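The values are calculated or read from the model by the stated rules, or taken from the named source; none is laboratory data. Small disclaimer: the values here were computed from a predicted structure and weren't measured. Positions of Cβ are backbone-derived with ideal geometry, glycine not excepted, and every protein chain shown enters the neighbour counts.
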């Protein structure tokens, strides 16, 4: 069985450098870090987790708290977070929690000795401030770090793309009008309409507490719309199914754009145009900040760091 000495010899670095790479400590040259990771993989080296935890007074676990409703984040972010953390021999411990009270209780439990730091995905309300807590797409106090998808930019980009295809009646389906993402989507939607001097029709903005009922409500209002912007790809799939039942075709009668861009998007018929959620960049930055916390380094000044998606054009949109 390979040991740390074998890794240091193969990577041609010191054992101290190997240790710094495996614990995620900053200040290691990139070529040395890559050499260590390559040697670890080649030798199939697995450090003794119990011994290392006792020596470092750490658990080597990073907690993740999220809502069961965050299906898009589960499928896109968790595998990426696990991959990034496994490269520095850290492990995920996942808790599902609904609402502020449950999320705060889960955070207190995990930071009470089970995990060295936690990532909270989609917090519904601000949690107690803690330097070991990183938020993704949540509500953060001024002193917290919140990494987030720029839903304002994404929704405005989607609507401008549709407006450029001569669509003037655009409906918007949001998860909730009380969440940060929902409020930002409405803001982006309004900005796109204002840019074209078009009126804002509140009746074309619907909440997707129940996707089917929300979409049926929109269709039963008999309000003309030629395009639909949705928050998640699964909502787009449900919309396509219901539109077919109403003898409406995508994109001939209604064009659809999603703000997610999961693997489902390319599998739908027609394939879904989207503003692709930057999962990989968010996961990498979340792990980078977490390792800074574990290494005792000061985090950047408190702010909300915004990440923009990119437009991926497929067959669900056509010129009006």
Q | Scope the range 185-202; condition within 23 Å of the chain's Cα centre (by Cα) and free of Cβ contacts under 8 Å to residues at least 40 places away in the same chain; matching residues | A | 186, 187, 188
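Rundown of residues vs (1) in contact (Cβ under 8 Å) with a residue 12 or more places away in the chain; (2) in a loop (DSSP other than H, G, I, E, B); (3) outside the structural domain of residue 155 (by TED's automatic domain parsing); (4) more than 28 Å from residue 137 (Cβ to Cβ), yes/no style:
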{"position": "219", "(1), (2), (3), (4)": "yes, no, no, yes"}
{"position": "222", "(1), (2), (3), (4)": "no, yes, no, yes"}
{"position": "236", "(1), (2), (3), (4)": "yes, no, no, no"}
{"position": "241", "(1), (2), (3), (4)": "no, no, no, no"}
{"position": "247", "(1), (2), (3), (4)": "no, yes, no, yes"}
{"position": "266", "(1), (2), (3), (4)": "yes, no, no, no"}
Q: Would you check if residue 282 is touching a helix residue (DSSP H, G or I) at 6+ places or on another chain (Cβ under 8 Å), outside any loop (DSSP other than H, G, I, E, B), over 13 Å from residue 171 (Cβ atoms) and not assigned by TED's automatic domain parsing to the domain that holds residue 172?
A: yes
Q) Pick from the range 199-217 the residues that are in contact with a helix residue (DSSP H, G or I) (Cβ under 8 Å, 6 or more places away or on another chain) and part of a loop (DSSP other than H, G, I, E, B): which of them is modelled with the lowest pLDDT? A) 208
Q.
Looking only at the range 170-194, count every residue that is part of a helix (DSSP H, G or I) and either touching a strand residue (DSSP E or B) at 6+ places or on another chain (Cβ under 7 Å) or closer than 14 Å to residue 207 by Cα (or both) and tell me the total.
A. 8
Q | Single condition residue 285 does not satisfy, out of (1) closer than 23 Å to residue 177 by Cβ; (2) touching a strand residue (DSSP E or B) at 6+ places or on another chain (Cβ under 7 Å); (3) surrounded by fewer than 20 Cβ atoms within 10 Å (Cβ to Cβ) | A | (1)
Q) surrounded by 13 or more Cβ atoms within 10 Å (Cβ to Cβ) and closer than 30 Å to residue 63 by Cβ: does that describe residue 257? A) no
Q: Could you run through the range 110-125 and say how many residues are under 11 Å from residue 65 (Cα atoms) and out of contact with any helix residue (DSSP H, G or I) (no Cβ under 8 Å at 6 or more places or on another chain)?
A: 1
Q. Of all residues in the range 93-145, how many are within 16 Å of residue 288 (Cβ to Cβ) and within 17 Å of the chain's Cα centre (by Cα)?
A. 7
Q: Mind listing just one residue for me: the one in the range 245-254 that is exposed (fewer than 12 other Cβ atoms within 10 Å of the Cβ) and more than 20 Å from residue 165 (Cβ to Cβ) and, of those, farthest from the chain's Cα centre (by Cα)?
A: 247
